[in-house]
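Encoded as C-alpha cells, the structure appears first; notes follow it.
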Amino acid sequence: MKVNISQTAIDQLQSLHLFSNLCLTTSQNLSPENSGPNHLILIGNVSDFTPYDQTINSHVGKIHLNSDSLRILAHDNEIDYDHYRQAFILLVDGQLVEDNIQVLDASLNTSPRKDTSL
C-alpha cells in the first residue's frame, strides 16, 4: 500500500504551510458521534503521533495514519488537488473516491482521538 501526493497537491499544501508531518485520519475518528459517511481527513503540522497506529509509504516520506483510514484506502492511492473544485481529492486505484478531503492544521489544536473500537 502506498500514497502518492501529486505535485499540484504538494504545491497547494505548501502554500497553506501544511506540508510537514502529514497524517491521515477519518471524520468518524475525529468525531465518533458522527453517524454520517466516513470521510478522509489530511492533517498537516502534526507534532504528536501517538493517536496514529500505522504508517504508510509515500514518495515524500512516511505518512502516519490510524487504522480507520485503511477502510478508505486501497493498494494505489493518490491525493491530488482539483483546481476546478478548489478541493483535495483521493483517487484509489485510478477511481475518484473522495472529492473533498478535509485538510486541517494540527498546530491549531486539531487533535484526532485514538479509535478504541477496533
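The values are calculated or read from the model by the stated rules, or taken from the named source; none is laboratory data. Predicted model only: the values in this text are computed from it and were never measured. Because the Cβ atoms are built from the backbone with ideal geometry, glycine has one as well, and the counts that use them run over all protein chains shown.
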I'd like to know if segment 24-32 contains one or more residues that are in a loop (DSSP other than H, G, I, E, B), modelled with pLDDT under 90 and surrounded by fewer than 21 Cβ atoms within 10 Å (Cβ to Cβ).
yes
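Given the criteria touching a residue at least 12 places away in the same chain (Cβ under 8 Å), part of a strand (DSSP E or B) and surrounded by 19 or more Cβ atoms within 10 Å (Cβ to Cβ), does Leu18 qualify?
Numbers: touching a residue at least 12 places away in the same chain (Cβ under 8 Å): yes; part of a strand (DSSP E or B): no; surrounded by 19 or more Cβ atoms within 10 Å (Cβ to Cβ): yes.
No: the conditions fail for Leu18.
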Those residues of segment 47-69 which are free of Cβ contacts under 8 Å to residues at least 60 places away in the same chain and among the hydrophobic types (A, V, I, L, M, F, W, C) amount to Phe49, Ile56, Val60, Leu65
Scanning segment 33-48 residue by residue, those surrounded by fewer than 18 Cβ atoms within 10 Å (Cβ to Cβ) and of a type in the set (Gly, Ala, Ser) turn out to be Ser35, Gly36, Ser47
How many residues of segment 25-66 are within 21 Å of Phe88 (Cα to Cα) and of a type in the set (Ser, Thr, Tyr)? The answer is 6
Going through segment 37-71 in order, the residues found to be within 18 Å of Leu108 (Cα to Cα) and of a type in the set (A, V, I, L, M, F, W, C) are Ile41, Leu42, Ile43, Val46, Phe49
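Residue-by-condition table, conditions (1) surrounded by 17 or more Cβ atoms within 10 Å (Cβ to Cβ); (2) part of a strand (DSSP E or B); (3) out of contact with any His (no Cβ under 8 Å at 6 or more places or on another chain):
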residue	(1), (2), (3)
Asn4	no, yes, no
Thr50	no, no, yes
Gly61	no, no, yes
Asp68	yes, no, yes
Asn77	yes, yes, yes
Leu104	yes, yes, yes
